1. When you look at Arg10, is it of a type in the set (Lys, Arg), outside any loop (DSSP other than H, G, I, E, B) and either surrounded by fewer than 23 Cβ atoms within 10 Å (Cβ to Cβ) or modelled with pLDDT of 80 or more (or both), yes or no?
2. In region 127-147, what residues are of a type in the set (A, V, I, L, M) and open to solvent by 20 Å² or more (accessible area, probe 1.4 Å)?
3. Output the number of the condition that Asp96 fails; it satisfies all remaining conditions of (1) under 19 Å from Pro210 (Cβ atoms); (2) in a loop (DSSP other than H, G, I, E, B); (3) not polar (S, T, N, Q).
4. Please state which one of Ala95, Ala139, Ala151, Ala145 is at pLDDT below 85 and not charged (D, E, K, R).
5. Scan Glu181, Glu113 and give me the residue that is farther than 26 Å from Arg59 by Cα and either of a type outside the set (Val, Ile, Thr) or under 14 Å from the mean Cα position of the chain (by Cα) (or both).
6. Of Ala168, Ala145, Ala139, which residue is under 22 Å from Glu195 (Cβ atoms) and touching a Ser or Thr at 6+ places or on another chain (Cβ under 7 Å)?
7. For region 23-30, does any single residue satisfy the condition of being assigned to a helix (DSSP H, G or I), basic (Lys, Arg) and open to solvent by 80 Å² or more (accessible area, probe 1.4 Å)?
8. What pairs come up if the first residue lies in region 193-208 and is more than 13 Å from Ala168 (Cβ to Cβ), the second is hydroxyl-bearing (Ser, Thr, Tyr) and in a strand (DSSP E or B), and their beta carbons are under 6 Å apart, counting only those six or more places apart or on different chains?
Amino acid sequence: MALSPTAAQRRIIAAADPATGRLKGPEAQLTALVKRGLAFRHPRPPHDHFLTPAGHRIREQPAGDETPGAAGQPPAPAADGVFSARVGGEDTAPADGPARVREVRGAWQGLLELRRMTRSDGATELPCGWERTHLVQAAALALEAAGHTPATGDGDGYRVRATPQPEAVAVHQPDGTALRECAVTLERAGWQVGEHTDPRTRVRYLLASPRRV
């Protein structure tokens, strides 16, 4: 779990550029934010520091909300203080409501900014490196941010699961129309999506991979 930022670090986060997430402050404080997973140092000169999705989420929190963010991660169940996108079927899920909507929106905007800042052309259409190493969370964030309903327990809704295939996740949704809507959302988020049928159960599901071009 990432450590909660100090008061001085929160002031730096609050003063970040609202559009780009660019940070200004003492080098020691910026380095500490990087260690906490709340900022990253741009690899190209002048090596400025920018908020990560977790940093953007903290910036979006109303005053007095001290929930710490996860190191370099978008959304987390309140039970352990780590924000995680809803993958569907969790035993314990965060409560729905305005606070959750705000957290998801902040995480998604932070992820788009991470895409922009880590690509030489500044484009946001294609997934970034973080998404390729956190496939289930990245796909789930795209779906939750677009307003799709995750499954609760054994109920209906989307479920994002890892697969044996490299750089691919499976998305299950018992409702055929909702499944196709999930496919549209992922395609718009920069994923390559195909609809398949399980040979044993004959159930339709999506196989999604982050696009590279």
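The values are calculated or read from the model by the stated rules, or taken from the named source; none is laboratory data. Predicted model, so just to flag it, every value in this text is computed and none were measured. Glycine also receives a Cβ, built like all others from the backbone with ideal geometry; neighbour counts cover every protein chain displayed. What goes into the accessible areas is simple: the full protein's heavy atoms, side chains included, and nothing from ligands, DNA or RNA. Shrake-Rupley method; radii C 1.70, N 1.55, O 1.52, S 1.80 Å.
1. Yes; evaluated as a whole, the condition is true for this residue.
2. Of all residues in region 127-147, those of a type in the set (A, V, I, L, M) come to 135-136, 138-143, 145-146.
Residues satisfying the conditions are Leu135, Val136, Ala145, Ala146.
3. In the conditions (1) under 19 Å from Pro210 (Cβ atoms); (2) in a loop (DSSP other than H, G, I, E, B); (3) not polar (S, T, N, Q), Asp96 misses (1) alone.
4. Details: Ala139 fails: at pLDDT below 85; Ala151 fails: at pLDDT below 85; Ala145 fails: at pLDDT below 85.
From the options Ala95, Ala139, Ala151, Ala145, the qualifying one is Ala95.
5. Details: Glu113 fails: farther than 26 Å from Arg59 by Cα.
Every option except Glu181 fails the conditions.
6. Numbers: Ala145 fails: touching a Ser or Thr at 6+ places or on another chain (Cβ under 7 Å); Ala139 fails: touching a Ser or Thr at 6+ places or on another chain (Cβ under 7 Å).
Selected residue: Ala168, the only one of Ala168, Ala145, Ala139 that is under 22 Å from Glu195 (Cβ atoms) and touching a Ser or Thr at 6+ places or on another chain (Cβ under 7 Å).
7. Step one: filter region 23-30 for residues assigned to a helix (DSSP H, G or I), giving 27-30.
Within this subset, residues satisfying the condition of being basic (Lys, Arg) are none.
No: zero hits.
8. Arg204/Thr197
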